[in-house]
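As C-alpha cells, the structure follows; a few thoughts come after it.
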Amino acid sequence: DGDLTLQQLPASNLTHILYAFADINPDTGEVFLSDPLADTGSLSTNNNLYGYLQQLYLLKKRNRALKVLLSVGGSSYSPHFASPASTTSGRSSFATSVLSLIENLGLDGVDIDWEYPANAAQAADMVLLLKTVSEALVPNNFTVSVACPGPFGYTYLLLAEMDQYVDIWNLMAYDYSGNWSNATADQANLFRSSAQPESTPFDTESIINYYTSQGISLTKIVLGMPLYGRYFNGTGGLGRTFSGSGTYSVKDLPLQGTTVVVYDCNAGSSYSYNTAQRQLVSYDNVDVARQKAAYIQGKLGGAMYWESSEDGTGDGSIIRIVTGVLVGDDGLGLDRASNQLSYPNSTYDNVRSGMP
C-alpha cells in the first residue's frame, strides 16, 4: 500500500508477512505475480530482483525469524481457482508455478486464499489442490497456509481432509457485518452478545469451535484481526437499519466528532457513534485488541492482521498491543524459527548470491 513502506513494517513484532495477491491463470492453473513492475522491478535491464520483493528479502536478512509467504487469490482473483483445481493438470501447474515463484523470489511458502469453494465438488477439489501443493513444497521445507473463512463458507470445506496438508489456518474472523447486512452489527466480535443478540449474528468463538469439531488443532489456528472498521450511516445504533456502509482504517479511528466509544467486554467488540451524523463504526479498539490477545494466549497459534498499512501508530498500534500481550513489548517471545535465505536455483543473480 502506498501509505506504508516496507521499512515501516514492525518486523520485530511479526513472524510472517503474507504478500498479497498473486493471480491464477484460470485456463492453465499457473500462478503469476499480479503487478510485476511493483513486485520485481520488471523493467530492470539486468538479471537482479528489485521492487517490493527485493525489499522483503533484505528485510528477511535483517530479521532472521521473519518469513514471507506469497498469498494467492483473495477476493479479486478467487474466481480463477475453480477450473484449474478441478483437473490434475491444473493442480500440477498451480503447484509447480508456486514452487518456482518461491524459489526464484526468495520466499518461505504460500498462503492459499480461495474465497470460497462454493459446493461439494469445489471443496473436494480444494483438498486435491492442497495435496498437490503440499507434495511440491513440504520436501523443500516451505510453509503451506490457508486463509480460511470466518462468517461464510466454512461449512462447505472438508476441513479434516484439508488439515493434513495445511501448516497454518489463518482465520478471517472479520466482516461479520457490512453493506450486505440487513441491520448494523459487530463486524469482528469474539462472542455472541446475550444482551443484544441481534448485534452479533456471527461470533468468533462459535466459528473456532466448529473448526476444532472437525479436527483442527487450536494451535494451528491463527486469529485474523481487522485493521479497519466498518461504518454504517443513517442508523440509530447496533441492531438497527442503516442507509449505507463502507470502511475506515483503524489509524483514523475514532473519527473527529465521535460522540461515544463503546467497549463491550462480554461480546469482545467495540464501536463508535456520532449522534449528529447518525454514523456507527464497528472496529477493534485497543481494549478489544488486548482482550483478543488474552484470548489467543495459551490457546491459539497466534494473530494475523488485514492489513498492515491500516494500523495505528504508537500506543494506538493494534499489532504492537497484541504482540506486547502475547510475548512482551520487545517481541523476544515470538517464534524464532529461522527463515530461508539460500535459493541456489533462483533465476535472479542477486537472490542466488544472497544479496550481499
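The values are calculated or read from the model by the stated rules, or taken from the named source; none is laboratory data. Only a predicted model underlies this, so the values are computations on that prediction, with no experimental measurement involved. Backbone-built Cβ (ideal geometry, glycine too); neighbour counts: all protein chains shown.
Observations
- Listing of helices (runs of 4 or more DSSP H) fully contained in region 279-356 that carry 3 or more residues being closer than 24 Å to Ser245 by Cβ and at pLDDT 95 or above: 286-296
- Selection count where residues are under 22 Å from the mean Cα position of the chain (by Cα) and either within 21 Å of Tyr156 (Cβ to Cβ) or among the β-branched types (Val, Ile, Thr) (or both), scope region 178-199: 2
- No other residue among Ser78, Ser83, Ser93 is part of a helix (DSSP H, G or I), without any contact (Cβ under 8 Å) to a residue 40 or more places away in the chain and at negative phi apart from Ser78.
- Any chance Asp284 is within 26 Å of Thr212 (Cβ to Cβ) and surrounded by 19 or more Cβ atoms within 10 Å (Cβ to Cβ): yes
- Within region 314-339, being in contact (Cβ under 8 Å) with a residue 60 or more places away in the chain and out of contact with any helix residue (DSSP H, G or I) (no Cβ under 8 Å at 6 or more places or on another chain) holds for Ser317, Asp335, Arg336, Ala337, Ser338.
- Qualifying residue in region 254-264 (condition: within 23 Å of Gly302 (Cα to Cα) and over 19 Å from the mean Cα position of the chain (by Cα)): yes
- Qualifying positions in region 44-71 - closer than 15 Å to Ile102 by Cβ and among the β-branched types (Val, Ile, Thr): Val68
- Of everything listed in (1) touching a Leu at 6+ places or on another chain (Cβ under 8 Å); (2) modelled with pLDDT of 95 or more; (3) of a type in the set (A, V, I, L, M, F, W, C), the single unmet condition for Ala20 is (1).
- Of all residues in region 134-163, those satisfying the criterion of being within 28 Å of Met355 (Cα to Cα) and of a type in the set (Val, Ile, Thr) are Val138, Thr143, Val144.
- In region 35-57, the residues that are surrounded by 15 or more Cβ atoms within 10 Å (Cβ to Cβ) and closer than 30 Å to Ser89 by Cβ: Asp39, Thr40, Leu49, Leu53
- Being of a type in the set (Val, Ile, Thr), crowded, with 19+ Cβ neighbours inside 10 Å and closer than 11 Å to Met225 by Cβ is a condition met by no residue of region 323-333.
- Among residues of region 149-165, those that are modelled with pLDDT of 95 or more and either at positive phi or of a type in the set (A, V, I, L, M) (or both), counted: 5
- Whichever residue in region 69-86 is in contact with a helix residue (DSSP H, G or I) (Cβ under 9 Å, 6 or more places away or on another chain) and surrounded by fewer than 22 Cβ atoms within 10 Å (Cβ to Cβ) and, among such residues, is nearest to Val110 (Cα to Cα): Ala82
- Among the residues of region 38-54, those that are touching an Asp or Glu at 6+ places or on another chain (Cβ under 8 Å) and either assigned to a loop (DSSP other than H, G, I, E, B) or of a type in the set (Phe, Trp, Tyr) (or both) comprise Asn46, Asn47, Asn48, Tyr52.
- Close pairs (8 angstrom Cβ cut-off, 6 or more residues apart or separate chains): on the phi > 0 side of the Ramachandran plot in region 232-244, of a type in the set (Asp, Glu) anywhere: Gly239/Glu198
- No other residue among Ser269, Ser309 is in contact with an Asp or Glu (Cβ under 7 Å, 6 or more places away or on another chain), under 30 Å from Thr5 (Cα atoms) and surrounded by 16 or more Cβ atoms within 10 Å (Cβ to Cβ) apart from Ser269.
- Test: residue in region 3-23 that is of a type in the set (A, V, I, L, M), closer than 24 Å to Gly314 by Cα and in a helix (DSSP H, G or I): yes
- In region 269-279 there is no residue matching the filter, namely being in contact with a Leu (Cβ under 6 Å, 6 or more places away or on another chain), of a type outside the set (A, V, I, L, M, F, W, C) and closer than 30 Å to Val144 by Cα.
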